[in-house]
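These notes are about the structure you will find just below.
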Amino acid sequence: MPRTRATASPVFVPHKASRAEQRAARAGFAEARRQARRAGAPPKHRAAATFDPELRPAYSAAGRPGPASGRGGKLRLPAHRMTTATASGAYPFVAEGGLGAEGVFIGRDVHAEAAFCFDPFSLYNSGRIEGFTNPNAVLAGIIGMGKSALAKSIATRSIAHGYRIYIPCDPKGEWTAVAQALGGYSIALGPGLPGRLNPLDAPARPASVSQDDWTTEVRKRRLLLLAGLARTVLKRDLLPMEHTALDLALDLVVTEAAARGTVPLLGEIAQALGSPERLDRALGEQAGHLGNAAQDLAHALRRLVHGDLSGMFDAPSTVAFDPTTPMLSIDLSRLGGSNDDTALVLAMTCASAWMESALADPDGGRRWVIYDEAWRLMRHVGLLERMQSQWKLSRGLGIANLMVIHRLSDLLSAGDAGSRGRVLAEGLLADCSTRIIYRQEPDQLAAAASLLGLTGVETQAVSALTKGRGLWKVAGRSFITQHILHPAERQLFDTDARMAGNSTEFTKAEALSLPLQLREVQG
């Protein structure tokens, strides 16, 4: 059947025609074009003509005609607000219920468009989240994405909620200004500096622990510290006879120090290890063999007394641990300049032992212990063992540990598969119910997805995160959260001031009022 063709051409309108004539001409042209379009359309299928009238649609596929059709953006409904609890029921695949309003204000939940708050102890005590078994957290992100600002913001805001903050190792010295501005203090250790820490200090005995049990606990902590220091310097495990030599040397020095009314020192331990006659007499029946076996230990500990670390850990402490201070950090930035980080690891071991012994009081309240630049600890089994012990005791001591690293693959640098270091590193990750992942490089996504069990959507989201935005995995729940900084925080936490050539002054009064300001904003 030939198809009908029809066209419509514009009508010539004289230039001097009136406006009414021009309007009529335009209307006539529009009607002619509409009729031409209808004439050129193909005929309808015969089935449409024979279709049951009762089953025909009331309106065409284009919708109901007229101004009430709701098409073309003409429908205007008033805005409606609802809580996240209601939204999660109405839109279960769009809105997340959140973690509640208890805890520290972090920022904005990107998907729910609501405030995001976090408090590990509140979540643990409430039992609202299934699988939330501990208050520990890990924070991973590449340089420049804001992970340091997030760690400092959590610490600063937690002070307003009754927390105390401790940083046992600060390799870059970034926490010194924060601690001092918030009314705490920082201990700077390094060659030529006046600060001294005696890692063999015995902390005050908790009221709930008997004197005999506390003496045994202090002795065990000191032996673990000495063994860790020796392993780090010797770069091997200790032999059985060397463990016996450490036991005897420690007991000799502690007995002599108690008789003098003083505290044992590392230098005295090294001197006792270097005296075969004293060790042989203390051993008794098996004399004549132990003294020579302890020579390597004596030379290993001598580095802390007369080597490149002399003047830091070989004298009584010049500062006392104050459990009431809001923030305490140990600045080790003077020790991280060389490629060999053995000195830094030894200092970390001594400093963390000094601080951890003071944190052993279960009545000390809620505390954050933050391990910044923790990737430097992954290659040293002794430090991983100390961290694992503190991770396991976090609930009983009221401590939430935060480990800050650059990449999730840093955990794999602890050793080969199946090695002691790899098992400890993966155990630390398993004991973190909260995982915070900032943007990762494309070549790191596979390792992050494998270690954390990320879904395909979560892996894709991690690769596209912008600055200050991170994926929070709290037990079995996931959130994309935008960290919001207070202007005073942005000024205090600025780690790019040297790159920008700027220097800012932040008074102590402004810093002390910052946690209260943030708490008022959150409330």
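The values are calculated or read from the model by the stated rules, or taken from the named source; none is laboratory data. Just so it is clear, the model here is predicted, and its values are computed rather than measured. All Cβ positions, glycine included, derive from the backbone under ideal geometry; neighbour counts span all protein chains shown. Just so you know, the surface numbers come from the protein's heavy atoms only, side chains and all, with ligands and any DNA or RNA stripped out. Shrake-Rupley method; radii C 1.70, N 1.55, O 1.52, S 1.80 Å.
List of remarks:
- Taking all Cα pairs closer than 8 Å and separated by 6 or more residues, the relative contact order of the range 129-272 comes to 14 percent.
- Average accessible surface area per residue within the range 383-493, 1.4 Å rolling probe, Å²: 40
- Net length available on complete extension from Met241 to Asp213 is 7.5 nm, with 0.36 nm assigned per residue and the Cα-Cα distance removed.
- In summary, the convex hull built on the alpha carbon positions of the range 404-453 has an orientation-averaged projected area of 3.5 nm².
- Overall form of the range 432-476 per C-alpha gyration tensor (a/c, 1.5; a/b vs b/c): oblate
- Checking every one of the GluC sites (Glu not before Pro) in the range 208-296 against DSSP loop status and a limit of 12 other Cβ atoms within 10 Å picks out Glu285.
- Each part gets one Cα centre, and for the range 360-402 versus the range 244-258 those centres are 28 Å apart.
- FRET efficiency for Leu445 and Ala475, using Cβ-Cβ distance with R0 set to 25 Å, rounded to 0.05: 0.70
- Under the combined filter of DSSP loop state and at most 11 neighbouring Cβ atoms within 10 Å, the range 379-411 retains none of its trypsin sites (Lys or Arg not before Pro).
- In this simple spin-label model, placing a label point 7 Å from the Cα along the Cα-to-Cβ direction at both Val263 and Gln482 gives a separation of 4.9 nm.
- The fraction of Cα-Cα pairs per 5 angstrom bin, counted from 0 for the range 352-461, comes to 2, 11, 21, 22, 18, 13, 7, 4, 1 percent, rounded to whole percents.
- Protein accessible area in the range 211-262, 1.4 Å probe - carbon and sulfur %: 59
- Every Cα-Cα pair in the range 73-229 was counted, and those over 29 Å apart are 46% of them.
- Förster-model FRET efficiency, 45 Å R0, His306 and Ser419, C-beta, rounded to 0.05: 0.85
- A straight chain from Ile129 to Thr325 at 0.36 nm per residue would run longer than the Cα-Cα distance by 67.4 nm.
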